Amino acid sequence: MRVAGLILLICTAASAQPAAFEGTAVNGANGQPLPGVHISLIGVTMSGIRDAYGAISDATGHFSIAGIPPGPYVLLTELRGFIYVQEKKGALPIPAVTLKAGEHVAAFKLEMSPRAVISGRVVDEFGDPVQHVNVHVQAVSPETAPVSLNIAGQDAQTDDRGVFRISGAPGSYHVRANPPHNESDGTPEIRTDGTAPIVYGDTWYPGVTQVEQAAPVEAKAGAEIGGIEIRLARAATRETHRLTISGAVSGLPAGAASTATVRFHYGAGPMAGMSFMSASVRPDGTFTLPFSEPGPYRVWAYYSDAKTHLQSQPVEFRATADVTGLQLNLEPGGEITGSVEVPGDRPGVPREKRTVRIGDSSVETGSDGSFHLTGASPGKYSVEIDPLPQNGYVESMTLDGAKISGGSLDLTHGVRVSKLKIAVTIGGEITGAVLNKDGQRAANSLVVVALAPAEDEYEIDSRSMGRVDDNGVYTFHGVAPGKYRLVALDLFSGSQITSPDDAKRFVQRGELIEVKPGERITKDIKVLEPDDAKK
């Protein structure tokens with residue numbers, strides 16, 4: 001039944017009538033036709049770029065593209081001195097059109113706006129020009145600002161006169177200068193005269209450090225607003241901006257071909273262990289962290305070559321002033337021994353070999369399901385088993401006798417020798433077609449499907465997002481038993497999700513579905529319309 005339905009779906013998509021797209025390109029300032037505009041329709045799906053169609057407007061501004069497969073398209077335009085902007089329609093900030101099967105768009109009015117220009121210069125507190133400052137414009141109301149892909153030049157860098165020039169879409173903007181930080185090799189400069197280096201921070205026009213205090217700049221179509229002078233403001237005091245965190249690493253192998261690396265997490269809470277930053281260790285074993293602001297740190301040293309893997313125990317501290325003399329001693333990396341238990345495996349019978357991936361490290365299981373991973377470094381990692389039985393998922397993990405919750409392995413406090421037990425079980429499967437507001441399958445579309453636990457209706461992450469394939473079909477494999485909300489969103493025309501409240505409203509509009517172990521559910525769902533998400 002499912003196979004027959006899929007064949008029917010493919011045949012329906014293949015027989016869909018092509019669409020046509022034509023209209024007139026005009027100067028948005030005076031309504032006059034614009035010849036020579038290059039119009040491109042770029043077909044995109046969750047698999048990437050599908051195809052591209054194009055045309056050039058004639059002397060009357062007319063353009064026409066025929067034989068276009070139905071689906072969503074990114075709308076690109078190109079004409080020197082002009083830019084195309086479009087009101088926001090969906091979750092993606094890009095101009096787009098969606099063509100239905102057999103649809104003939106005959107009178108699309110492509111209003112090209114003459115580019116607006118903002119120019120000025122960046123100076124220091126003494127009025128001297130500052131070179132190599134990145135200057136960026138930000139819409140005063142980003143949530144309602146029109147969108148465009150033709151925004152080359154919306155960022156600029158000052159020249160030796162401190163001058164910048166930015167061209168782009170008309171609108172109301174805040175202008176920010178981001179001065180470079182002279183990060184050398186980290187060697188602190190010794191001063192005996194009581195002075196300290198001047199450190200400038202991000203500065204908004206005309207010379208403030210908070211965007212709430214910034215003066216808006218009105219950029220008008222076809223005009224240049226000049227004289228925008230940004231006087232750089234000093235960063236807050238040294239104690240609240242940048243600190244020195246330095247130390248030394250011991251235990252580095254003699255004659256090592258490469259030096260060690262110091263890794264560190266900055267911040268607290270769940271996100272502190274999700275990513276790390278690095279600083280190189282100098283040949284003499286010393287280091288200085290390049291990102292040093294007041295707050296909590298977790299720091300450790302790491303060295304690896306073809307034969308040796310070393311790490312130090314992590315050091316945790318809260319920096320409120322300069323930290324010097326931090327000592328990190330390299331030792332052999334941690335070891336994790338463990339086993340993978342999969343339904344169907346029998347004692348004494350050789351098991352299928354599987355790969356256990358813990359972060360970037362991987363190891364193959366033996367015939368009894370056991371594994372031994374060396375060189376484990378601090379961090380928070382996802383754990384994956386490959387291959388899994390059909391609809392299998394990691395049900396539970398136990399590390400040194402303690403059950404792990406949350407589906408990730410937390411080694412942020414270091415590891416020497418640990419035992420990890422991974423239990424795999426069989427979950428459910430949910431599949432079906434995604435339908436648009438007309439009841440047609442959302443084939444060749446940019447639609448994502450969210451499967452969120454009913455008890456956590458605002459928790460949407462990458463693990464709970466599924467893509468719709470080019471035939472309009474979605475599938476979730478290995479779903480743990482439980483109750484879920486199932487909802488689909490069109491990235492081109494659906495609602496924007498910019499806050500937890502948006503996500504909660506989005507998920508609450510989904511259908512409630514219960515999954516039982518080993519159950520296979522077929523469920524067609526409709527794409528959530530923008531107005532529905534606001535209810």
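The values are calculated or read from the model by the stated rules, or taken from the named source; none is laboratory data. The model shown is predicted, which means the values in this text are computed figures rather than measured ones. Because the Cβ atoms are built from the backbone with ideal geometry, glycine has one as well, and the counts that use them run over all protein chains shown.
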Mind checking which residues of region 327-344 are hydrophobic (A, V, I, L, M, F, W, C) and either exposed (fewer than 14 other Cβ atoms within 10 Å of the Cβ) or more than 30 Å from Ile426 (Cα to Cα) (or both)?
Leu328, Leu330
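For every residue, the table says whether it meets (1) at pLDDT below 95; (2) in a strand (DSSP E or B); (3) in contact with a helix residue (DSSP H, G or I) (Cβ under 7 Å, 6 or more places away or on another chain).
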{"residue": "Ile7", "(1), (2), (3)": "yes, no, no"}
{"residue": "Ala13", "(1), (2), (3)": "yes, no, no"}
{"residue": "Ala16", "(1), (2), (3)": "yes, no, no"}
{"residue": "Gly36", "(1), (2), (3)": "no, no, no"}
{"residue": "Arg50", "(1), (2), (3)": "yes, yes, no"}
{"residue": "Phe63", "(1), (2), (3)": "no, yes, no"}
{"residue": "Gly67", "(1), (2), (3)": "yes, yes, no"}
{"residue": "Pro72", "(1), (2), (3)": "yes, yes, no"}
{"residue": "Thr77", "(1), (2), (3)": "yes, yes, no"}
Just the residues that are at pLDDT 85 or above, within 18 Å of Asn178 (Cα to Cα), under 32 Å from the mean Cα position of the chain (by Cα) and surrounded by fewer than 18 Cβ atoms within 10 Å (Cβ to Cβ), please, taken from region 210-245.
Gln210, Val211, Glu212, Gln213, Ala215, Pro216, Arg234
Right, Ser312: assigned by TED's automatic domain parsing to the domain that holds Val249, of a type in the set (S, T, N, Q) and in contact (Cβ under 8 Å) with a residue 60 or more places away in the chain or not?
yes
Any idea how many residues of region 165-199 are at pLDDT 80 or above, farther than 21 Å from Gly227 by Cβ and within 33 Å of the chain's Cα centre (by Cα)?
1
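Rundown of residues vs (1) basic (Lys, Arg); (2) within 33 Å of the chain's Cα centre (by Cα), yes/no style:
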position: Leu310; (1), (2): no, yes
position: Arg346; (1), (2): yes, no
position: Gly366; (1), (2): no, no
position: Glu384; (1), (2): no, yes
position: Pro387; (1), (2): no, yes
Residue list for region 17-44, restricted to those being aliphatic (A, V, I, L, M), surrounded by 18 or more Cβ atoms within 10 Å (Cβ to Cβ) and over 24 Å from Gln440 (Cβ atoms)
Ala25, Val26, Leu34, Val37, Ile39
Filter result for Gly472 (small (Gly, Ala, Ser), modelled with pLDDT of 70 or more and exposed (fewer than 15 other Cβ atoms within 10 Å of the Cβ))
no
Please list, ordered by first then second residue, the pairs with beta carbon atoms under 9 Å, 6 or more apart or interchain, first in region 381-401 and in contact (Cβ under 8 Å) with a residue 40 or more places away in the chain, second among the polar types (S, T, N, Q).
Ile385/Thr355; Ile385/Thr365; Gly392/Thr425; Tyr393/Thr425; Glu395/Thr425
The one condition Ile358 fails out of (1) at pLDDT below 90; (2) more than 35 Å from the chain's Cα centre (by Cα); (3) within 22 Å of Gly427 (Cα to Cα) is (2)
If I ask for residues that are under 19 Å from Glu529 (Cβ atoms) and either at pLDDT 75 or above or aliphatic (A, V, I, L, M) (or both), which ones from region 81-102 would you list?
Glu87, Ala91, Leu92, Ala96, Val97, Thr98, Leu99, Lys100
Of the residues in region 492-513, those that are assigned to a loop (DSSP other than H, G, I, E, B) and at pLDDT below 75 come to Phe492, Ser493, Gly494, Ser495, Gln496, Ile497, Thr498, Ser499
Anything in region 93-112 that is assigned to a strand (DSSP E or B), more than 12 Å from Pro18 (Cα to Cα) and either small (Gly, Ala, Ser) or in contact with a Pro (Cβ under 9 Å, 6 or more places away or on another chain) (or both)? List them, or say none.
Ala96, Val97, Thr98, Ala106, Ala107
Gly43 - would you say it is at positive phi and either in the same structural domain as Asp159 (by TED's automatic domain parsing) or touching a Lys or Arg at 6+ places or on another chain (Cβ under 9 Å) (or both)?
no
Gly54: passes all of (1) at pLDDT below 90; (2) touching a His at 6+ places or on another chain (Cβ under 8 Å) but (1)
